[in-house]
1. Just checking, which of A429, A484 is closer than 30 Å to D568 by Cα, out of contact with any Gly (no Cβ under 8 Å at 6 or more places or on another chain) and at pLDDT 95 or above?
2. Just the residues that are assigned to a helix (DSSP H, G or I), open to solvent by less than 100 Å² (accessible area, probe 1.4 Å) and in contact with a Lys or Arg (Cβ under 9 Å, 6 or more places away or on another chain), please, taken from segment 114-146.
3. State all residues of segment 232-244 that are open to solvent by less than 100 Å² (accessible area, probe 1.4 Å) and modelled with pLDDT under 90; if no residue qualifies, say none.
4. (1) of a type in the set (S, T, Y); (2) modelled with pLDDT of 95 or more; (3) within 18 Å of R490 (Cα to Cα); (4) open to solvent by 10 Å² or more (accessible area, probe 1.4 Å): which one isn't true of S583, the others all being true?
5. Here is a list: R40, R96, R82. Which entry is farther than 30 Å from E418 by Cα and not hydrophobic (A, V, I, L, M, F, W, C)?
6. Is one or more of the residues making up segment 519-535 part of a strand (DSSP E or B) and either closer than 18 Å to G442 by Cβ or in contact with a Leu (Cβ under 8 Å, 6 or more places away or on another chain) (or both)?
7. Against the conditions (1) in contact with a strand residue (DSSP E or B) (Cβ under 7 Å, 6 or more places away or on another chain); (2) of a type outside the set (A, V, I, L, M, F, W, C); (3) open to solvent by less than 30 Å² (accessible area, probe 1.4 Å), where does K443 fall short? Just the number, please.
8. Can you name every residue in segment 56-112 that is at pLDDT 95 or above and basic (K, R)?
Amino acid sequence: AGHGHHTASAMLAIEAFTAAADPKYFPEQLTFAGTWQAKRVLWNTFNFGGNNTTSEDQLKIDVGLYNPLLGKSYGEIAAESRSQHRSQGFGSARQRGQALEYFALLAGVPAKADLLEGVDISWKRFAEGKKIGEMTAKAERSFDISQPSGSVPALIDILTELEKVKDKNLVEHKIGETKDLIAFTAGIWLEATSGVPQVAVNEPFTIKAQLIKNSDVPLSISTVEADQKGSKWIIPEKGELLTETFTITAGTVSQPYWLKEKHPKGYYVVGDQKLIGHPENPDPVSYHFRLMINDKEIIYKRPVVYKYTNPARGELYQPLSVAPPVTLSSTEKTLFFTGDSPKSVRIKITTNTDSVTGTVGIKDGETKTFSLKKKGSSTYVTLTARAPAGMNQLDTGIVYAEINGKRYSLDENTISYEHIPVQTHFPPAQFNQTKIDLATNGKRIGYIAGAGDRIPEALRLIGYDVDMLTENYIQRGDLSVYDAIIAGVRLYNANPRIKNLQDNLMEYVQNGGTYLVQYNTTGGLQLTEPGPYPFEISRDRVTDETAEVTFLEPQHPVLNHPNKITTDDFKDWVQERGLYFVSKADNNYTPVLSMNDPGEEPNNGALIVTDYGKGRFVYTSLAFFRQLPAGVPGAYRLFVNLIAKNKSHTQHETSAGDQ
């Protein structure tokens, strides 16, 4: 159960259990791997606080055991892990003591005491494994924590035996682990770094390779530059730091492999099957340290990373990014056309190399020349974009640069947080564009920030004046100057002060204003009744963005004024219809729309409206915070209707073309 992706992954797990063992499924993969039969698939029947026993004979496991090596129970470790989900607010207290979890068998062989019951995870799984198992057990028994380097000879013997195993798929990971153990116990530290965080594809840049040995283990090293036999060997002294610098180039843009190809909704297109399943790309640039340790030649592959020092956090590393020669971005993320007249779009061009000259253009549109002298510099070019052919349809404008006969069409996006590695990817350089039939009602909007969304920017694109309202202004200012006031997403979850503002907002509605509240979640509501009459918020949602929408009140003003809303206005929606729908609403509210995911009952909680005094209160769980930034035309038309005054009180009614 849970959200849809939880259910989907569970369904896929059952299918994969059968498919992985059947050569008729995905035969193209058999070039790289054989079939594999898992022992069992189980369902952890935990149900959020209740009795999770489904039968007396099902598998039970105590997950609250204490680990003496770590000095913590698994309940403590689990809580620490969960508390790292910072963006979701999942901090939890450490749990100690017995904690039983229950498991029901869904497929495969039953188990009586352990999840891995009957699963051989020892070295006995393959012919050469018996000897290796005996060697590893002996090395573990003889390990001296005060003299780790004493284990190096035994580990080298184990590595030699692992390299003899015929089925490398079985031991490839263990070979890498054993090499690392040899380096750790020998006190060998090695790395390869770049002095810059980003380089341009095919442009020379400098790297620094460093190595130090902190033990008496015999060691010599060949030239670090590449994997070359017969190169000069250097014998470092204990504690001696060796440094070599090289000039190299990177041949491909470091784009995540699952994003290289254009893909449809729901899955990625990956040409190289061997990449599928990897959490990250192969390192864009890596270097080989060829070492001779105790007369055993071992090659260590290390990624080239960017190393720098932060005044507050000290020495830090981040992945090296390989960029195209230039990146392009549109300062206007969405262009709205009300007719066939062209519009101007401003393009930012940033160079990742020195001295670049070329042309920049829009597909099927205008082109201009540009020239940039210094790496990292930018310039802006204004181009003319033509109106799309269809009305009220979401379209895409493609931006490209042509340099020396080669075309580039990538933007740049960097995700940087302290708790994860820096992620840089290069999405397509494009903007949304639509020719929209849109009339607006009212001009000046007050916006109360919630947990964060881009609705204010979207409304400004279609001509509204949007003011961000402070608590002080809501309590003491003149709210009557606003044609509508909008509550940002999750305002009633995120702002504990909203309870002090509610009376002012309800008075604004009574006096003739329109107040629209966007979705809130069920947990942590600061005020249980965001509207003038009671209603509840459920966990219901409609995740299918193409789900059919039924008009419960076709003649209601929010579906007719100032724009006539039809089912066509629900085309091109992205990601979902809505979330945390209303339930148990007071009879004073009018439910306007009905929708549901496939196989579920119709849900009427996406949009409720009530007149209150001279004004109107609207609560909507529709995902406008996704649709408006994406430029979905029908979402704009409906949202404008929701913030419109009652027709008898209408002011400033115009078409978007007049703004």
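1. Numbers: A484 fails: out of contact with any Gly (no Cβ under 8 Å at 6 or more places or on another chain).
Every option except A429 fails the conditions.
2. Step one: filter segment 114-146 for residues assigned to a helix (DSSP H, G or I), giving 123-125, 129-141.
Filter once more, so that each one left must be open to solvent by less than 100 Å² (accessible area, probe 1.4 Å): 123, 129, 132-133, 135-137, 139.
Selection gives W123, I132, G133.
3. Residues of segment 232-244 that are open to solvent by less than 100 Å² (accessible area, probe 1.4 Å), as a first pass: 233-234, 236, 239-244.
Answer for segment 232-244, where residues must be open to solvent by less than 100 Å² (accessible area, probe 1.4 Å) and modelled with pLDDT under 90: W233, I234, P236, E244.
4. Against the list (1) of a type in the set (S, T, Y); (2) modelled with pLDDT of 95 or more; (3) within 18 Å of R490 (Cα to Cα); (4) open to solvent by 10 Å² or more (accessible area, probe 1.4 Å), S583 comes up short only on (2).
5. Details: R96 fails: farther than 30 Å from E418 by Cα; R82 fails: farther than 30 Å from E418 by Cα.
Every option except R40 fails the conditions.
6. From segment 519-535, those part of a strand (DSSP E or B) are none; that's our starting set.
No, every residue in segment 519-535 fails to be part of a strand (DSSP E or B) and either closer than 18 Å to G442 by Cβ or in contact with a Leu (Cβ under 8 Å, 6 or more places away or on another chain) (or both).
7. Among (1) in contact with a strand residue (DSSP E or B) (Cβ under 7 Å, 6 or more places away or on another chain); (2) of a type outside the set (A, V, I, L, M, F, W, C); (3) open to solvent by less than 30 Å² (accessible area, probe 1.4 Å), K443 violates only (3).
8. K72
The values are calculated or read from the model by the stated rules, or taken from the named source; none is laboratory data. All figures in this text were calculated on a predicted structure; none of them were measured in a lab. Positions of Cβ are generated from backbone atoms using ideal geometry, with glycine treated the same way; all protein chains shown enter the neighbour counts. Ligands, DNA and RNA are excluded from the accessible area calculation, which covers all protein heavy atoms including side chains. Shrake-Rupley method; radii C 1.70, N 1.55, O 1.52, S 1.80 Å.
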